[in-house]
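Report on the structure given below.
Laboratory data are not the source of any read-out in this text; all were calculated from the coordinates shown. None of these values were measured; they are calculated from a predicted model. Counting neighbours? That spans all protein chains shown, and the Cβs are built from the backbone with ideal geometry, glycine included.
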Amino acid sequence: MKIIVRLLMWLAICAQILIAQDIPRTLYVLNGLGQTISTMNLESKAIDNNISTVGSVPNRIYSHNNYVYVVNSVPDGITAIDPVRLMCAVAVGSI
């Protein structure tokens, strides 16, 4: 049983490494007045403006578990963005 658990943990780690390798090093920027997010590929220096719409007053941006999360004050909630497809995956709250 311990071997199976260790194998599953190892596979999960390898899967996350493979997924992370598909996403280039990227800087995510909130466009507060535009209510959108822009990105800059840190390897090629390419900029993509307004890749996804967020709340009216976005105020924080975080990256965790292969998603980018935006905390919105108006309307209050969180927007989760899939960085591979560059689109909103889910919005939670009153968005």
> Which of the residues that make up segment 62-73 are part of a loop (DSSP other than H, G, I, E, B), more than 22 Å from ILE47 (Cα to Cα) and touching a Pro at 6+ places or on another chain (Cβ under 9 Å)?
Replying inline: SER73
> Looking at this structure, is ILE81 assigned to a strand (DSSP E or B), in contact (Cβ under 8 Å) with a residue 40 or more places away in the chain, hydrophobic (A, V, I, L, M, F, W, C) and closer than 20 Å to VAL92 by Cα?
Replying inline: yes
>> Against the condition surrounded by fewer than 16 Cβ atoms within 10 Å (Cβ to Cβ) and aliphatic (A, V, I, L, M), how does VAL74 come out, does it pass?
In response: yes
